[in-house]
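J.: My questions all concern the structure below.
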Protein chains: 2
Amino acid sequence: MDEESGDRWVVDIALQPPSIDDNTSDSGRLEKALAPELKTDSIAMDLKLLKLLPERLRKWDYACRCIVFRDHGKWRLIDVLDPEGGDCAAGMAVDLGTTRVVLRLVDLATGRTLSEFAFDNPQDEAGPDILARLHYAEKREGRQHLQELITGGINRAVGDVCAKAGISSEQVYLMAVAGNTAMTHLFMGLPPQWLIREPYIPAVNSPGAVRADELGINISFCARVFVFPNAGSYFGGDLISGAYYAGFHENDEVAVLVDVGTNAEVLLGNRQWLVACAGAAGPALEGGVSEIGMTAGPGVIDSVRIDPESREVSVHTIDDMPARGICGSGMIDLAAQLFLAGMVDIRGRFVPEVCGDRLKEIDGMHHFIVVFGRDSAEGNDLTISQADLDSLIRSKAAMYTILETITGYVGISFEDISAFYVGGTFGSFINPRSAISIGMLPDLPEEVFHPLGNSSVKGAARLLSSRQAAEDIESIRGRITYLELNVNQDFMNRFSAARFLPHTDAARFPTVAGAVK
Amino acid sequence: MDEESGDRWVVDIALQPPSIDDNTSDSGRLEKALAPELKTDSIAMDLKLLKLLPERLRKWDYACRCIVFRDHGKWRLIDVLDPEGGDCAAGMAVDLGTTRVVLRLVDLATGRTLSEFAFDNPQDEAGPDILARLHYAEKREGRQHLQELITGGINRAVGDVCAKAGISSEQVYLMAVAGNTAMTHLFMGLPPQWLIREPYIPAVNSPGAVRADELGINISFCARVFVFPNAGSYFGGDLISGAYYAGFHENDEVAVLVDVGTNAEVLLGNRQWLVACAGAAGPALEGGVSEIGMTAGPGVIDSVRIDPESREVSVHTIDDMPARGICGSGMIDLAAQLFLAGMVDIRGRFVPEVCGDRLKEIDGMHHFIVVFGRDSAEGNDLTISQADLDSLIRSKAAMYTILETITGYVGISFEDISAFYVGGTFGSFINPRSAISIGMLPDLPEEVFHPLGNSSVKGAARLLSSRQAAEDIESIRGRITYLELNVNQDFMNRFSAARFLPHTDAARFPTVAGAVK
């Protein structure tokens, strides 16, 4: 998924110096020189840059390194640099998550990652979930406060990331922000109230490149912030970024992208057509729901293995630190392993006689001890409750039912899907085998599945390396048909069948049936 | 030269309200509705406007009056207004003269002129002529000061013009500024030093539409200021505005536009090709040179008649007020009448025996009394000196020689010219008959000549009434070949011959020869 170096947003150019016979203006001369390279006859630039251009061109003997960008078919010159200066020109990819914001600093000339960083979304102060923040933002002051929280957080993080990479934040010329529709509205200070009221209308679908200074983002003086487009209130730029990273603008064969978080989001199609669908999946897979649920970070359990014979539980934690909690992919692993070891039945209930001393009762509810206190970071048992497990099963059932619905809508079967991209903004990698075992994903050969990790920040980083990017992304957005879920009796029947492990119709999961203890 | 009303920058539009089946965003919905009308699929808008759009659309039941603009092929939504509000949406045309700034307020919906205003360019404080100001502007503080002087002056004038028309300056959504290349550079705060050093390179040729707030112009919050393009340091936006007003983008036949001020500027061609030429003409035709020279205004002499028998001098003043001075067109009239009455000879010398008591000597130089003190506004004789007359003759000779040069360059004769547009930013109308009599313009039938008055402000006003304007203007600019005057011996010979009244070769002016007393 790498682009050729000739496809970057950095262009070195040498101009013919002006003469009496060619009195074209400085900006016109630069425009003409860039025209064949960029295949355009019009390149806009901010007045602030135009004021500096004549002196810079003369100082550098009519050669310069240009930072350019294109969206909505329009080219823009972001800055001109000393062609001999050797200074890094950087771009910042941002995954604007509701809970966590991830930044990746990219060298615009080479596409290389320079450094990475993540921080908790400071809007949490006004409410941990999207809905609370949107209500808070209905008032103008609330909206302004939320925008200041997130731009302030990003500005601090940009400073940190740049310091780590040994550059100044003024060397960041482009930023690409991928987030869900609500988060990008709050980031831009747009009124969000109509996102959550029928018929759920965003203020904008394709914001394109916005001036950094108008957003309050402190990077280069004429920098642009590309805000990923959405395909409606419930299908946001983070998903479109993931679809772009997965290559939905270039795939001939039918593929699926799934993203599981608070919502189960599915995109199905190829470079000819796309159908999207999203449904509430419950928050089981995001941090903060089960007592020990958290987003990925050191000491967080991201995979679980239970020996089917001894039923011994072994966990892997990020950075191999003592366990503190469990992330979404760890939860899926855990549920799969519990089921395969016979410690949970097909209804998703803990089986006390098999769980043994791993099961304890708190307030009349079964809790499974994932890590005993003696092995945990803080000395307490790390447990998940029956309710946590039920919540996870609702999520997986929602995902499966949506996949069933969307393939049924376009009249294809799971076997027609050539690639199954599994994204997720909750920070770690889902094990497809585990997801199949609990009946969250269909029972297809493992090579069909491609876990993407944080596809949102990766798509944003890809945009920073390809001149075709904004067009490719818009072509994805423009082709999406959003399928409104019709939650009728038929849907509820399918959902109920999917609430079993892996499903009431075991024939759908032939490879799972044989593995269950 | 009027456009159809369907061609305005104001578009009334009614949208299909959103529904579950059509969840396009508010801005996308508006874009789609405007698309067939504007024949584009992309319309940009400022973030400031986008923030207000959702509430406004809902308040007005998905109908609105849109103010749009297009330049460099790109459409922009400037504002959305209440479709039932009935408020005027206005545009401001500005002729940005070195000496005098002229404003014309236009109703964008009808194209009607609402009011007019003129004021002296306050940059005069830093120097009366262009060169002094450009030197002052080489330092950043000087540049900033000059920009503040002119934008401050325009802001005050906008307030006055709007008050006269009974609207607020926030109802001005578009401004169109036509000025020479130096004046527009100073207006935009661009470094002007390379305009006046070989090879005379502007910072920009086609600035297009700039944000009003970035220029310090206080009109509507997302307003754009269209700055007319130039075809080099010596062929500015005022002339291109005049050429647009005269219709050089649509003429099949070959026409000429001449503009006489400090420079004699000539444009020759049709909608296929254009050649431009400019040469120093001396400042004789602008205010402030001869002691009584001034730009048009009440009490300024704009035409002169001398009875060839009695040699009685009668003058016409603007608004019929007592005479205070004389403007450029008055000077040309005066020189023509003096020559035709035999009071000036073919060398341009006052003939004392014919001038009689109208001639007096001051500091050893002849001065001709145009208005005796008893009839003047301030009780003093209004006189022009032999030096003033010499200066005018140099100007007219420059104009004629340039016309000879440019027609010779493209290989046509004066008779091939179907229309001769006479512009002038010095505020009044040149009488073509007088200009022929002194040999400034060629001896062609009077119906060929079309005096335009202030064609710069008129072209700017025309832009405010036509959606095709920016493209038409750019098509004029793009076709101009600038002919650098080669001031060689041949040119000097032709110039010397043209310094006689009307010319050494009297056969070129058959209709003048017979009229001289």
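J.: Go through (1) under 21 Å from the mean Cα position of the chain (by Cα); (2) of a type outside the set (Val, Ile, Thr); (3) within 30 Å of B:Gly6 (Cβ to Cβ) and name the single condition B:Ala89 misses.
T.: Condition not satisfied by B:Ala89: (1).
J.: Of the numbered conditions (1) modelled with pLDDT under 95; (2) within 14 Å of another protein chain (Cβ to nearest Cβ); (3) in a loop (DSSP other than H, G, I, E, B), A:Glu291 fails exactly one; give the number of that condition.
T.: Answer for A:Glu291: the failing condition is (2).
J.: Among the residues of the stretch B:164-181 satisfying the criterion of being in contact (Cβ under 8 Å) with a residue 60 or more places away in the chain and surrounded by fewer than 24 Cβ atoms within 10 Å (Cβ to Cβ), which is nearest to B:Ile201 (Cα to Cα)?
T.: Ranking the candidates gives B:Gln171 first.
For (1) outside any strand (DSSP E or B); (2) without any contact (Cβ under 8 Å) to a residue 12 or more places away in the chain; (3) charged (D, E, K, R); (4) touching a Phe, Trp or Tyr at 6+ places or on another chain (Cβ under 7 Å), each residue gets a yes or a no:
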position	(1), (2), (3), (4)
A:Tyr421	no, no, no, no
A:Phe429	yes, no, no, no
A:Gly439	yes, no, no, yes
A:Ala470	yes, no, no, yes
A:Arg494	yes, no, yes, no
A:Ala515	yes, no, no, no
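J.: Now, a different point. Sort out which residues of the stretch B:196-209 are over 20 Å from B:Val68 (Cβ atoms), hydrophobic (A, V, I, L, M, F, W, C) and within 11 Å of chain A (Cβ to nearest Cβ), and write them in order of number. Before the answer, list the steps.
T.: Of the residues in the stretch B:196-209, the ones over 20 Å from B:Val68 (Cβ atoms) are B:196-205.
Checking which are hydrophobic (A, V, I, L, M, F, W, C) leaves us with B:196, B:201, B:203-204.
Across the stretch B:196-209, the qualifying residues are B:Ile201, B:Ala203, B:Val204.
J.: Would you check if there is a residue in the stretch B:437-448 being among the aliphatic types (A, V, I, L, M), touching a strand residue (DSSP E or B) at 6+ places or on another chain (Cβ under 9 Å), farther than 25 Å from B:Ile393 by Cβ and more than 14 Å from chain A (Cβ to nearest Cβ)?
T.: Among the residues of the stretch B:437-448, not one is among the aliphatic types (A, V, I, L, M), touching a strand residue (DSSP E or B) at 6+ places or on another chain (Cβ under 9 Å), farther than 25 Å from B:Ile393 by Cβ and more than 14 Å from chain A (Cβ to nearest Cβ), which makes the answer no.
J.: Now for a separate question. Would you say B:Leu57 is surrounded by 22 or more Cβ atoms within 10 Å (Cβ to Cβ), assigned to a helix (DSSP H, G or I) and within 14 Å of another protein chain (Cβ to nearest Cβ)? Step through it out loud before you land on a result.
T.: On the way: surrounded by 22 or more Cβ atoms within 10 Å (Cβ to Cβ): yes; assigned to a helix (DSSP H, G or I): yes; within 14 Å of another protein chain (Cβ to nearest Cβ): yes.
So B:Leu57 fits the description; yes.
J.: Follow-up question, since we're still on this one. Restricting the search to the stretch A:344-369, which residues are under 21 Å from A:Gly439 (Cβ atoms), within 36 Å of the chain's Cα centre (by Cα) and among the β-branched types (Val, Ile, Thr)?
T.: A:Val344, A:Ile346
J.: Something else: Scan (1) of a type outside the set (Asp, Glu); (2) at pLDDT 95 or above; (3) surrounded by fewer than 22 Cβ atoms within 10 Å (Cβ to Cβ) for the single condition A:Gly86 breaks and write down its number.
T.: (2)
J.: Residues of the stretch B:403-458 being within 18 Å of B:Cys277 (Cβ to Cβ), among the polar types (S, T, N, Q) and surrounded by fewer than 23 Cβ atoms within 10 Å (Cβ to Cβ), which ones?
T.: Passing the criteria: B:Thr405, B:Thr407, B:Ser413.
J.: Condition check: touching a residue at least 12 places away in the same chain (Cβ under 8 Å), within 25 Å of B:Gly459 (Cβ to Cβ) and more than 11 Å from every other protein chain (Cβ to nearest Cβ). Does B:Arg70 satisfy that? Walk me through it before giving the result.
T.: Values: touching a residue at least 12 places away in the same chain (Cβ under 8 Å): yes; within 25 Å of B:Gly459 (Cβ to Cβ): yes; more than 11 Å from every other protein chain (Cβ to nearest Cβ): yes.
When the stated conditions are applied, B:Arg70 passes them.
J.: Taking only the stretch A:71-82 into account, find how many residues are surrounded by fewer than 19 Cβ atoms within 10 Å (Cβ to Cβ) and either at pLDDT 95 or above or among the acidic types (Asp, Glu) (or both).
T.: Total satisfying the criteria: 2.
J.: Given the conditions (1) under 17 Å from the mean Cα position of the chain (by Cα); (2) within 13 Å of another protein chain (Cβ to nearest Cβ), and given that A:Gln193 satisfies all but one, which numbered condition is not satisfied?
T.: Checking A:Gln193 against (1) under 17 Å from the mean Cα position of the chain (by Cα); (2) within 13 Å of another protein chain (Cβ to nearest Cβ), the one that fails is (1).
J.: Further question on the same structure: Taking the criterion of being of a type in the set (Asp, Glu) and closer than 30 Å to B:Trp273 by Cβ, would at least one residue in the stretch B:382-402 satisfy it? Please lay out each step first, then the result.
T.: Let us first name the residues in the stretch B:382-402 that are of a type in the set (Asp, Glu), namely B:388, B:390.
The next check asks that each one be closer than 30 Å to B:Trp273 by Cβ; those that pass are none.
No, that holds for no residue.
J.: Between residues in the stretch A:10-28 that are more than 7 Å from chain B (Cβ to nearest Cβ) and residues that are at pLDDT 95 or above and surrounded by fewer than 13 Cβ atoms within 10 Å (Cβ to Cβ), which pairs lie under 8 Å by C-beta distance while being six or more apart or on different chains?
T.: Partner pairs satisfying both residue conditions: A:Pro17/A:Asp61; A:Asp22/A:Gln16.
J.: Yes or no: B:Ala212 more than 14 Å from chain A (Cβ to nearest Cβ), modelled with pLDDT of 95 or more and closer than 25 Å to B:Met92 by Cβ?
T.: On the way: more than 14 Å from chain A (Cβ to nearest Cβ): no; modelled with pLDDT of 95 or more: yes; closer than 25 Å to B:Met92 by Cβ: yes.
Considered against the rule, which asks whether it is more than 14 Å from chain A (Cβ to nearest Cβ), modelled with pLDDT of 95 or more and closer than 25 Å to B:Met92 by Cβ, B:Ala212 comes out as no.
Residue-by-condition table, conditions (1) outside any loop (DSSP other than H, G, I, E, B); (2) closer than 30 Å to A:Ser115 by Cβ; (3) not polar (S, T, N, Q):
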position: A:Asp443; (1), (2), (3): no, no, yes
position: A:Lys458; (1), (2), (3): yes, yes, yes
position: A:Ile473; (1), (2), (3): yes, yes, yes
position: A:Thr504; (1), (2), (3): no, no, no
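J.: Look through the stretch A:1-57, keep the residues that are out of contact with any strand residue (DSSP E or B) (no Cβ under 8 Å at 6 or more places or on another chain) and of a type in the set (Val, Ile, Thr), and return whichever of them is farthest from A:Ala243 (Cα to Cα).
T.: A:Ile20
J.: Here's another thing I want to ask about it. If you scan the stretch B:180-190, which residues turn out to be more than 9 Å from chain A (Cβ to nearest Cβ) and not β-branched (Val, Ile, Thr)?
T.: The answer is B:Asn180, B:Ala182, B:Met183, B:His185, B:Leu186, B:Phe187.
J.: Let me ask something else about it. Counting just the residues of the stretch A:28-43 that are of a type in the set (Gly, Ala, Ser) and buried (at least 16 other Cβ atoms within 10 Å of the Cβ), which one comes out farthest from the chain's Cα centre (by Cα)?
T.: A:Gly28
The values are calculated or read from the model by the stated rules, or taken from the named source; none is laboratory data. Model, not experiment: these values are computed from the prediction. In this analysis, Cβ positions are derived from the backbone assuming ideal geometry, glycine residues included, and neighbour counts consider all displayed protein chains.
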